[in-house]
Amino acid sequence: MSGLALQNVVKEFGSFTAVKGVDLEVPNGTFVCLLGPSGCGKTTLLRMIAGLDLPTRGAIRLGGEDITAVPTHKRNLGMVFQSLALFPHLTVGENIAYPLRIRGIDKAAQARRVEELLAMIHLKGYADRPVSKLSGGQRQRVAIARALAISPKLFLLDEPLSALDAKLREAMQVELRQLQQSLGITTIVVTHDQREAMTMADTVVVMQAGEIRQAASPIEIYRRPADSFVADFIGQTNLIEAEATGGVASVLGVAVPGLTLPAGGKALLSVRPEDVHLTAPGGSAVPATVTFVRDLGGTIETFLDAGGRQVVAVSTPRERPEVSVGQAVGIQLTAEDCVVLKS
Amino acid sequence: MRREAPRHPLDYLPIAFPGLMLVVFFVVPFGTMIAVSFFRRDPAGFYAPDFVFDNYARFLSLFFANVLGFSLFLAMTVAIVSVALALPFTHMLARLPRKAQVVWLVALLSVLSLSEVIIGFAWSTLLSRTAGITNLFVWLGIMEQAQALTPSFGAVLTGMVYQAFPYTVLVLYPAIVRLDPTLTEAARTLGASPLKAFFTVVVPALRNTLVATVVMVFIFALGSYLLPQLLGRPQHWTLSVLITDQAIYQSNMPFAAAMAVFLVLVTLGLVAMTVLIGRKGEA
């Protein structure tokens, strides 16, 4: 059975186009992160999947069925809001039971399900507490349990962890991923935190200005970014201009072994800082000068100037480069370290 | 936020002015009224200082009990109808674009500038047989013949709700604007239709505000004495009407004062009860 499918979904607010024709397939049981800077249309896209906003054009299908015009309360999904939106007048147990109560499920079955969910989120015995008496992480868990109470087909989360402090957030990312894998539920998370997306997702969808720039597995997004926006947004990278001389790419007049480019063309290369290898100047190495060394203990960042462009190299203490500021060095580039970006 | 206890007499200075105002304009007149309520009426003059319970004794009759009961019933009905109308109205108002909200709020404020007399005469014309809305219904073919809708209980209720409605909206507005709109959205994603979400989330989340607003409108409506006279029959007259009658037309200040004191005590008792019930529900 097919999962969720978005077909040429467009959303316009007046003259502003928030989402510009998005196509996306989410197979059943996968974890997708919509990742992008604020205002890129990722939250609008999620709200359209939830039915809280209607697409201006395009179709949304779930399990082969067109749900574009189905009202939110008939979609049987679970959603966690950025503000969590826990009902302040209800206790923890009543909050979790809310979707069951609305569907007229009998009291005993409600109570059993609430107990099950409280055990799942490690909050056994909290049913009668008011939600205002919980910590941030506990409120987070209650919001997740409430959204999962009816065992929905689709689980949506809008920046769910942004209110938590850094340590708790990382722990919750792992917990959320483990929960999703044990339930096998199709999950879509909106986030602007690339670490969060890398930790949790099967597929990362990088969005910018209402469009999908790349949709692929986290490691592919990192190793093979589609364009300079993705390369720059996911982790750190060095963007280096290259030109083709005789079919081979060269940087500052030095050929990169094994890297071919169409003749006469120019291209932008993305080289991750950990792939920048320092050697002695001369030979097949690109000449550069050390401008600054930042020793962070765990990693060492060497800032270089190569023909007026800043290049950063990251190395571990084990392979600590013996360089000092002002020293002339060489950057050894190889074909497998460079990603040629679409221009 | 922790507040520091005042350490110096000067720390109390900020409340000196409001305190003084309260004494001059509330404590002194109210004290005078309580004192007058124990005075003896002098039919020849006005009243003579004394300490008699005659005024309160006269009040303890079936007639006044009925009037008091009707006054409380009318005020409570006005309060509940106003809040029941104003809650969905304000909820929708809070969702409108900023500009439209300002227009609506200014329109409501302008209703507040109308005096009770103008409101009373406007409604008595509007509900009359000769010039009232029933003529419009006849013209539309809904009704056979034009009717007088006033004086009647419905007319009194309509006029008083009309008068109380802007206050109700203005009191509810801040609380409703502050209510997190994602609460309703969350309820919808969890399976509640918009109407169900309104009754299971918005209304309970605003419970305390609603109780406070009902109390406010209740007290406001209790003081109304012109509209029941303009739009109602004598059996629709409230205690406030009788107090005015005694104080101004019968020149019986001590009896009017006694009724007023009694009304204040009953009102305070009811408000205290409402607050207590509200507290119990919260715990």
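Among the residues of region A:8-31, what is the count of those that are under 23 Å from A:S217 (Cα atoms) and charged (D, E, K, R)? Before you say what the answer is, go through the steps one by one.
As a first pass, look at region A:8-31 and keep what is under 23 Å from A:S217 (Cα atoms): A:8-9, A:19-31.
If we keep only those that are charged (D, E, K, R) too, we end up with A:20, A:23, A:25.
Residues meeting the conditions: 3.
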Q: Could you tell me which residue of region B:189-228 is farthest from the chain's Cα centre (by Cα), considering only residues that are under 24 Å from A:P71 (Cβ atoms) and surrounded by fewer than 17 Cβ atoms within 10 Å (Cβ to Cβ)?
A: B:S193
Q: Keeping to region B:210-249, report how many residues are among the aromatic types (F, W, Y) and under 25 Å from B:V169 (Cα atoms).
A: 3
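Look through A:A280, A:A285, A:A255 and report the one residue that is of a type in the set (A, V, I, L, M, F, W, C), assigned by TED's automatic domain parsing to the domain that holds A:E336, exposed (fewer than 14 other Cβ atoms within 10 Å of the Cβ) and out of contact with any Asp or Glu (no Cβ under 7 Å at 6 or more places or on another chain). Even if it seems obvious, please write down each step before you answer.
Working: A:A285 fails: exposed (fewer than 14 other Cβ atoms within 10 Å of the Cβ); A:A255 fails: exposed (fewer than 14 other Cβ atoms within 10 Å of the Cβ).
Only one candidate passes the filter, namely A:A280.
Would you confirm, using the coordinates I've provided, whether A:A313 is in contact with a His (Cβ under 8 Å, 6 or more places away or on another chain) and more than 16 Å from A:E241 (Cα to Cα)?
Values: in contact with a His (Cβ under 8 Å, 6 or more places away or on another chain): yes; more than 16 Å from A:E241 (Cα to Cα): yes.
Here the answer is yes, as A:A313 does meet what is asked.
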(Q) Looking only at region B:238-269, how many residues end up being surrounded by fewer than 17 Cβ atoms within 10 Å (Cβ to Cβ), within 20 Å of B:V215 (Cα to Cα) and of a type in the set (A, V, I, L, M)? (A) 4
Q: Go through region A:289-324 and count every residue that is modelled with pLDDT of 85 or more and over 32 Å from the mean Cα position of the chain (by Cα).
A: 3
Q. For region A:177-199, which residues satisfy the criterion of being assigned to a helix (DSSP H, G or I) and over 20 Å from A:R47 (Cβ atoms)?
A. A:R177, A:Q178, A:L179, A:Q180, A:Q181, A:S182, A:L183, A:Q194, A:R195, A:M198, A:T199
Q. Restricting attention to region A:176-190, and to residues there that are touching a residue at least 60 places away in the same chain (Cβ under 8 Å) and buried (at least 24 other Cβ atoms within 10 Å of the Cβ), which single residue is farthest from the chain's Cα centre (by Cα)?
A. A:T187
Q.
Being within 8 Å of another protein chain (Cβ to nearest Cβ) and among the small types (G, A, S) is the filter here; which residues of region A:85-103 pass it?
A. A:A85
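Just to confirm my filter: which helices (runs of 4 or more DSSP H) fall fully inside region B:134-246 and include at least 3 residues that are at pLDDT below 90? Explain how you work it out, then say what you get.
Working: elements: B:153-178, B:181-189, B:194-197, B:207-222, B:226-231, B:239-244.
So the answer is B:207-222, B:226-231, B:239-244.
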Q: Say whether the condition of being away from every other protein chain (no Cβ under 11 Å) and under 23 Å from the mean Cα position of the chain (by Cα) is met by at least one residue in region A:62-84.
A: yes
Q) From A:R129, A:R75, which residue is in contact with a helix residue (DSSP H, G or I) (Cβ under 9 Å, 6 or more places away or on another chain), surrounded by fewer than 17 Cβ atoms within 10 Å (Cβ to Cβ), in the same structural domain as A:V10 (by TED's automatic domain parsing) and among the basic types (K, R)? A) A:R129
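Within region A:93-113, take every residue that is within 33 Å of the chain's Cα centre (by Cα) and small (G, A, S) and give me the one that is nearest to B:R188 (Cα to Cα). Before the answer, list the steps.
Taking region A:93-113 as the starting set, the residues that turn out to be within 33 Å of the chain's Cα centre (by Cα) are A:93-100, A:113.
Filter once more, keeping what is small (G, A, S): A:93, A:97.
Details: A:G93: 19, A:A97: 14 Å.
Here the residue is A:A97.
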Q. Does B:G69 fit the bill of being touching a Phe, Trp or Tyr at 6+ places or on another chain (Cβ under 9 Å) and either assigned to a helix (DSSP H, G or I) or among the small types (G, A, S) (or both)?
A. no
Q) Restricting attention to region B:111-165, which residues are exposed (fewer than 15 other Cβ atoms within 10 Å of the Cβ), of a type in the set (S, T, Y) and over 20 Å from B:P234 (Cα atoms)? A) B:S113, B:S115, B:T130
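The values are calculated or read from the model by the stated rules, or taken from the named source; none is laboratory data. Everything quoted here is computed from the prediction, not taken from an experiment. Methodologically, a virtual Cβ is constructed for each residue, glycine included, from the backbone with ideal geometry; neighbour enumeration extends over all protein chains shown.
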